[in-house]
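Worksheet: one structure, shown below.
The values are calculated or read from the model by the stated rules, or taken from the named source; none is laboratory data. Keep in mind that what you see is a predicted model, and the values were worked out from it rather than measured. Virtual Cβ from ideal backbone geometry, glycine too; neighbours counted across all protein chains shown.
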Amino acid sequence: MRIGVLLFLVGLYVLNVTSSLKICAFNVQSFGESKANNKKVMGILLKILSRCGVCLIQEVRDAKGDAIQTLVKDLNNRFDKSNSYSYVESERLGRKTYKEQYVYVYRNNELKIKEHYQNPKFDGEGTSGGDVFSRGPFIVRFHSPTTLVKDFVLIGQHTSPKTAMKEMDELYTVFKGIYKQWKTDNVMIIGDLNAGCSYVTIKGWRAVRLRSDPRFHWLIGDEQDTTVREKTHCAYDRIIVHGREIISSIVPGSAQPFNFKLNFHLTEEEALQVSDHFPVEVDLKPNHRYLLRHDL
């Protein structure tokens, strides 16, 4: 009897340590063919992505889509054979000739996509907020049987620096639309919001509804640094959560920038070949009952 209880407790401890779901957002800075052909850069990207149950990649510039296909193929076939990865991508977005995509790379053995959509372009459609976003948010609803919160929505956003505060405020309207459409308030806003340094002002913050509404919790604080360069210290990249269930599922202290320069012993020059941003990440608590049934 005692041995059985001991084994149960050990198994519970192991699951608690290793089976949380890590959600990441990474502005990879103009990710395309050049970086995909750089073995050292790709090796670092693979190490970063393999830490994440799901990662929102921003600034995907490759119009052909080959760079992302190569990245996910290498994750599956060469780098992390213990998990199976898939991806879902947005349209190519941008007001003029400059275009980017959002791409969520996720473990399909841990997560299932229930629904996803690209925030409407609003070009002459009369929908509120049409002229605010340079790149409308890409929104995905996930089902996650291995975590305490079973269903949650990720809103991926990369703001334009010049209109960052207006775009952040308009995400409040996007949230209300999600709640009306899907009847869930377990929502996480992630991405490079340009929410720091010269792109924000004290006066401007007062007008951002995501900041003034206490139901939204900003997990990456203003004092944190999500930039690679030593000469900058800005909290551009953020994780914002709303919803009692998902907030209670956050692993305390897990929301941080991931300093891959320090962790992988890179020089600043080497790190900047990957990106000028650090990823931001947060962990969701595991569902022990599910994991014990399936893993022990």
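With respect to (1) of a type in the set (Phe, Trp, Tyr); (2) modelled with pLDDT under 95; (3) touching a Leu at 6+ places or on another chain (Cβ under 7 Å), the lone exception for residue 117 is condition (3). When 276, 222, 237, 283 are checked against the criterion of being within 17 Å of the chain's Cα centre (by Cα), surrounded by fewer than 19 Cβ atoms within 10 Å (Cβ to Cβ) and of a type outside the set (A, V, I, L, M), 276 stands alone in meeting it. Residues that are surrounded by 12 or more Cβ atoms within 10 Å (Cβ to Cβ) and in a helix (DSSP H, G or I) within the range 194-214 comprise 197, 199, 204, 205, 209, 210, 211, 212, listed in sequence order. Residue count for the range 145-165 satisfying the condition of being part of a loop (DSSP other than H, G, I, E, B) and under 18 Å from residue 205 (Cβ atoms): 3.
One residue alone among 239, 246, 202 is modelled with pLDDT under 95 and on the phi < 0 side of the Ramachandran plot, and that residue is 202. Being more than 11 Å from residue 138 (Cβ to Cβ), touching a Leu at 6+ places or on another chain (Cβ under 9 Å) and part of a strand (DSSP E or B) is the filter here; which residues of the range 87-108 pass it? Those that are more than 11 Å from residue 138 (Cβ to Cβ), touching a Leu at 6+ places or on another chain (Cβ under 9 Å) and part of a strand (DSSP E or B): 87, 105, 107. Taken over the range 34-65, the criterion of being at pLDDT below 95 and either in contact with a strand residue (DSSP E or B) (Cβ under 6 Å, 6 or more places away or on another chain) or of a type in the set (D, E, K, R) (or both) is satisfied by 62, 64. Taking residue 83, is it exposed (fewer than 14 other Cβ atoms within 10 Å of the Cβ) and free of Cβ contacts under 8 Å to residues at least 40 places away in the same chain? So residue 83 fails the test. Filtering 217, 233, 265 for residues that are under 27 Å from residue 101 (Cα atoms) and assigned to a loop (DSSP other than H, G, I, E, B) leaves a single hit, 233. Taken over the range 227-243, the residue count meeting the criterion of being free of Cβ contacts under 8 Å to residues at least 12 places away in the same chain and within 21 Å of residue 215 (Cβ to Cβ) is 0.
In the range 247-272, the residues that are touching a residue at least 40 places away in the same chain (Cβ under 8 Å) form Cβ pairs under 6 Å with partners that are part of a strand (DSSP E or B), at six or more places apart or across chains, as follows: 249/284; 251/283; 254/282; 254/283; 258/281.
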